[in-house]
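Structure first, then comments.
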Amino acid sequence: MNRQIKIAPSLLSCDFGRIREEIQKIEASDASLLHLDVMDGHFVPNLTFGPPIIKYIKKYAKLPLDVHLMVTNPGDYIEPLADIGVDYLSFHTETVYHANRLVNHIKERGMKAGVVLNPSTHPMNIEYLSDIIDFVLVMSVNPGFGGQSFIPSSLTKIKEIALFRKTNKLSFEIEVDGGVNDQNSPILIEAGSDILVAGSYIFNSDNYAEKVRSLINV
């Protein structure tokens, strides 16, 4: 395997009462990113955290921060998250009228820009953004809740996007979030995934480093 596979543990599944310790345990593993889900109670039913908590996380985290905006007004978050020092930032194209403009705004603020595809969103929703985005986040569960099971049809979507990327000589990364574990990580990587987000699979264990390794060593 020539490309580097990145593991992005999702802090949504961590013990928030011990979040600093949880970050330290993840950073002692082979994880590449910290994945943060921002939910607003509108685009998805749940509420999680916003810039004040992310600023606190950034204070203690050495790994790059990968923020997934599950919000109806993603443009309002660009400036505060850029000021905090977020590295990857993705949004759902259904939430904006001018996705091209928002992608460019994110990149102008020094962050990697990604678009998110819900399970029912057509993979070629990215076609006219594919030359400017840095990554595509494929949701392999319906967004808004942790601990869900992987939706099998997501694999077909990942393969289609990977083929589109190869055919058009593009370089964006493919990230997958939802129900990722050591049973499906080999086929996700083979299908073309570059970044695997895992939450409960890692945080519901006693050995985070071992769980992270199990996703990479396929």
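Quick one: which of Ser214, Ser193 is among the small types (Gly, Ala, Ser), in contact with a strand residue (DSSP E or B) (Cβ under 9 Å, 6 or more places away or on another chain) and crowded, with 19+ Cβ neighbours inside 10 Å?
Criteria check complete, one pass: Ser193.
With the structure loaded, tell me whether Asp131 is among the charged types (D, E, K, R), more than 26 Å from Lys58 (Cβ to Cβ) and modelled with pLDDT of 95 or more or whether it fails that test.
Here the answer is yes, as Asp131 does meet what is asked.
Yes/no matrix, rows are residues, columns are (1) touching a Pro at 6+ places or on another chain (Cβ under 8 Å); (2) modelled with pLDDT under 95:
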position: Lys6; (1), (2): no, no
position: Asp30; (1), (2): no, no
position: Leu33; (1), (2): yes, no
position: Phe49; (1), (2): no, yes
position: Ala61; (1), (2): no, no
position: Asp83; (1), (2): no, no
position: Met111; (1), (2): no, no
position: Asn118; (1), (2): yes, yes
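Out of the residues in the range 203-218 that are closer than 14 Å to Ser10 by Cα and not aliphatic (A, V, I, L, M), which is farthest from the chain's Cα centre (by Cα)?
Within the range 203-218, the match that is farthest from the chain's Cα centre (by Cα) is Ser205.
Here is a list: Ala82, Ala61. Which entry is under 18 Å from the mean Cα position of the chain (by Cα) and under 18 Å from Tyr208 (Cα atoms)?
Going through Ala82, Ala61 in turn, the sole match is Ala61.
Conditions: (1) within 15 Å of the chain's Cα centre (by Cα); (2) at pLDDT below 95; (3) within 17 Å of Leu215 (Cβ to Cβ); (4) surrounded by fewer than 22 Cβ atoms within 10 Å (Cβ to Cβ). Ser149 meets all but one. Number of the miss?
All conditions are met except number (1).
The values are calculated or read from the model by the stated rules, or taken from the named source; none is laboratory data. Computed from a predicted model, the values in this text were never measured in an experiment. When we count neighbours, we look across all protein chains shown, and the Cβ atoms used for this are built from the backbone with ideal geometry, even at glycine.
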